[in-house]
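Notes for the one structure printed next.
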Amino acid sequence: MQPGYPQQQPPQQIDNNMTMSIVAIFLFWPLAIPAIINASKVNPLIQQGDYAGAQAAAAESKKWSKWALIVGLVWIGIIVVCCLFGGLAGLVGGSSGTN
């Protein structure tokens, strides 16, 4: 920092969304990887003074994390429904064949 120039501060705290990205990797990792990559760019961009770039990286991280969470939860829901219907079909089919 040069004397006489005030240090520029970010307009507000920028959340890098790393926590949500890490949670998302357990649900649907193909979409969580870009979220983690973008989340890891936020703090270095803030340190360089590129607040617009940090905000854009945080927004991208949030977008990919949300998609990974949505797809992962829908996938888990489909698996649960299929397992429940498969189990019920097995119970119904198995009890009718024992006459």
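The values are calculated or read from the model by the stated rules, or taken from the named source; none is laboratory data. Because the structure is predicted, anything quoted here is derived from the model rather than measured. So basically every Cβ, Gly included, is an ideal-geometry build from the backbone, and we count neighbours across all protein chains shown.
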>> Looking only at the stretch 55-68, filter to residues that are surrounded by 19 or more Cβ atoms within 10 Å (Cβ to Cβ) and closer than 9 Å to Ser21 by Cα; which one of those is nearest to the chain's Cα centre (by Cα)?
In response: Ser65
> Does Leu45 satisfy being in contact with a Gly (Cβ under 7 Å, 6 or more places away or on another chain) and under 24 Å from Gln12 (Cβ atoms)?
Replying inline: yes
> Looking at the stretch 71-79, is at least one residue touching an Asp or Glu at 6+ places or on another chain (Cβ under 7 Å), at pLDDT 95 or above and either closer than 17 Å to Gln12 by Cβ or crowded, with 18+ Cβ neighbours inside 10 Å (or both)?
Replying inline: no
> List pairs: first in the stretch 41-54 and farther than 14 Å from Met18 by Cα, second surrounded by 12 or more Cβ atoms within 10 Å (Cβ to Cβ) and of a type in the set (Lys, Arg), Cβ under 9 Å, 6+ apart or cross-chain?
Replying inline: Gly53/Lys41
> Restricting attention to the stretch 1-11, does a residue exist that is in contact with a Phe, Trp or Tyr (Cβ under 8 Å, 6 or more places away or on another chain) and either surrounded by 15 or more Cβ atoms within 10 Å (Cβ to Cβ) or at pLDDT 95 or above (or both)?
Replying inline: no
